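Asks: My questions will all concern the structure given below.
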Amino acid sequence: MKKEYAKMDAASLHLTNKKVVLKIINHNREISRSALAKVSGLTPPSITRIVDELINVDRLVESIGFGNSSGGRPPMIVKFKNDNNYIIGIDLGATYIRGCMVDLNANFISEIQVPTELEKGFGSIVDKVVKLIHKLQRRKEDGAIIWGVGIGVAGLVNSVTGIIESSPDFGWTNIDLRRELDKYLDLPFFYDNSTRLMALGELKMGIKENQKNFAVVNMGYGIASGLVVEGNLLKGFSGFAGEFGHISVDTDSTVQCKCGMYGCLEALASGHRIASLGKKALKEGNSELLKELCMGNEDLITAEMVARAAKKGDPAAVKIYDDVTEYLCKGIGTIANLLNPETVYIGGGISLNGDLLFDLIEQKRDKYLLVGNTRVKILPSTYGDQATSIGAVSLVLDKILSLELSGNNKDILKHINYQ
């Protein structure tokens, strides 16, 4: 028995060391074996053994020859093998389903977007997701590997069971998406709340390195947040942390949220609310420009159309965005005063309307911030409308860097689904 335990300990230690070495290589992109030994603290023979496995078994590292010598033997350089190693990321949104295939450095290989068409129901949405993934699979180069699929879903995704317990945007309750997708996919797949994945994407692939405290606010059809504290993505007890859209920003409001409460941030500042206020302005005859843009058909009014009218100076549209931003800044103040983040990133469709939103935020933000928190930066999300897709990619990349999907165990894992 003692020998068995010794073997298990040695195997666990070797795996841990491999993860460390792989993450160092990924972080540096290119590094010599001798530098790997110095940075990791492992012996040169251990580095040789581990790197050879990462090259020949796991297929995540490649040797690119010798570097310049500083007097001794020239160093052997290795790099993270992103070429022909792909990940598929899916943003399952209420308006569109966006899919991308990227390499392991998040360089885009292919993208597809299709309308969600919520009215056609759950079965139709699953069918669209599957067809989109299969279409992306067919676009890969010969000999390339697709390591897995990451999916961002709007809703409360239980981090233990994988059940989508509630998604007001989709009208879903207790949906087992894993079971449905498993019928059609031959790749490992993982899914999580879309806004939490936006935060994961900023943490793993964002422009600014070593940022450990920040929030991501997703302003689209609804509103949610992803929170990173001391470098850790917050999930909460069941995976429901970050429901920012359901904090109350007006206790006297008569506007009811889809969650059943009144005065929620989502009810008062989401894309859905902006469009509703635009329709109201049209009905009341307060906006000739909106009437012109929608050709008198209120069903055509969207939040983006209201933004266009506001940027052209339409008084009714400007007031809508002014009111919405006031509520948003109240919400941002709550996050900033509670968590003291370095940055609050804002993503989602409403954030893509140029300077309109961010100029208004700059005017109003400090009213709701403690003096010590006025240094918080409020910026657009790094990846814009691709933020959720890149976050979904990051979910799979995390599995790869943890060697959960590599080399000799990938064929076994392709029939197993993870959340």
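The values are calculated or read from the model by the stated rules, or taken from the named source; none is laboratory data. Remember, predicted model here, so these are calculated numbers, not experimental data. All Cβ positions, glycine included, derive from the backbone under ideal geometry; neighbour counts span all protein chains shown. For the accessible areas, the whole protein counts, side chains as well, though only heavy atoms, and no ligand, DNA or RNA atoms are used. Shrake-Rupley method; radii C 1.70, N 1.55, O 1.52, S 1.80 Å.
Asks: Which cross-chain or sequence-distant (5 or more) residues have an amide H under 5 Å from the amide H of Thr343, H modelled 1.01 Å from N in plane?
Replies: Close amide H contacts, sequence-distant or interchain: Ala215, Lys377.
Asks: Fully extended, how many nm does the chain gain between Lys212 and Gln363 (0.36 nm per residue separation, minus their Cα-Cα distance)?
Replies: Working it through step by step, the gained length comes to 51.7 nm.
Asks: What number comes out for accessible area per residue over region 80-235 if the probe is 1.4 Å? Units Å², please.
Replies: On a per-residue basis, region 80-235 sits at 39 Å².
Asks: Could you work out how much longer the chain between Arg73 and Tyr262 gets when fully extended? Use 0.36 nm per residue separation minus the Cα distance between them, nm to one decimal.
Replies: Stretched out fully, the Arg73 to Tyr262 stretch lengthens by 61.0 nm.
Asks: Using the Karplus curve 6.51 cos²θ - 1.76 cosθ + 1.60 with θ = phi - 60°, work out ³J(HN,Hα) for each residue of region 125-134 in order, rounded to whole Hz, and write x for Gly and Pro.
Replies: 5, 4, 4, 5, 4, 4, 5, 5, 5, 4
Asks: Still on this structure, please answer the following. Loop-only trypsin sites (Lys or Arg not before Pro) in region 79-155, please: DSSP not H, G, I, E or B, and at most 16 other Cβ atoms within 10 Å.
Replies: Passing both the DSSP loop test and the Cβ count: Arg139, Lys140.
Asks: In percent, what relative contact order does region 1-160 have, based on Cα pairs under 8 Å that are 6 or more apart in sequence?
Replies: 17 percent
Asks: Shifting gears a bit: In whole angstrom, how far apart do the alpha carbon centroids of region 245-295 and region 42-66 sit?
Replies: Computed from Cα coordinates, the inter-centre distance equals 57 Å.
Asks: Also, I was wondering about something else. Count charges around Asp385 for me, please; just the other residues with Cβ under 14 Å from its Cβ, Lys/Arg as +1, Asp/Glu as -1.
Replies: -2
Asks: Something else about it: Just need the relative contact order of region 284-404 here, percent rounded to a whole number, with Cα pairs under 8 Å and 6+ apart.
Replies: Rounded, it is 24 percent for region 284-404.
Asks: Ignoring ligands, DNA and RNA, how do Leu356, Leu15 rank by accessible area with a 1.4 Å probe, largest first?
Replies: Greatest to least solvent exposure: Leu15, Leu356.
Asks: Over the chain, with a Gaussian network built from C-alpha contacts below 10 Å, which listed residue (Gly121, Gly65, Gly245) shows the highest mean-square fluctuation?
Replies: Gly65
Asks: Turning to a different aspect of this structure: Go ahead and estimate [θ] at 222 nm for the chain from helices alone: -39,500 (n - 2.57) per DSSP H run with n ≥ 4, summed, over the residue count, rounded to 500.
Replies: Helices in the chain give a 222 nm mean residue ellipticity of -12500 deg cm²/dmol.
Asks: Output the 0 to 90 degree angle, nearest 10, between the alpha-carbon long axis of helix 44-56 and the longest principal axis computed from the alpha carbons of the chain.
Replies: It works out to around 60 degrees.
Asks: Next up: Once you place label points 7 Å from the Cα toward the Cβ at Lys183 and Val114, how far apart are they in nm?
Replies: 1.6 nm
Asks: Next question. If one takes the longest principal axis of the Cα atoms in the chain, at what angle in degrees, from 0 to 90 and to the nearest 10, does the Cα axis of helix 194-205 lie?
Replies: Long axis of 194-205 versus the principal axis of the chain: about 50 degrees.
Asks: Continuing with this model, one more query. Which whole-number percent is the relative contact order of the chain (Cα, under 8 Å, 6+ apart)?
Replies: RCO, the chain: 16 percent.
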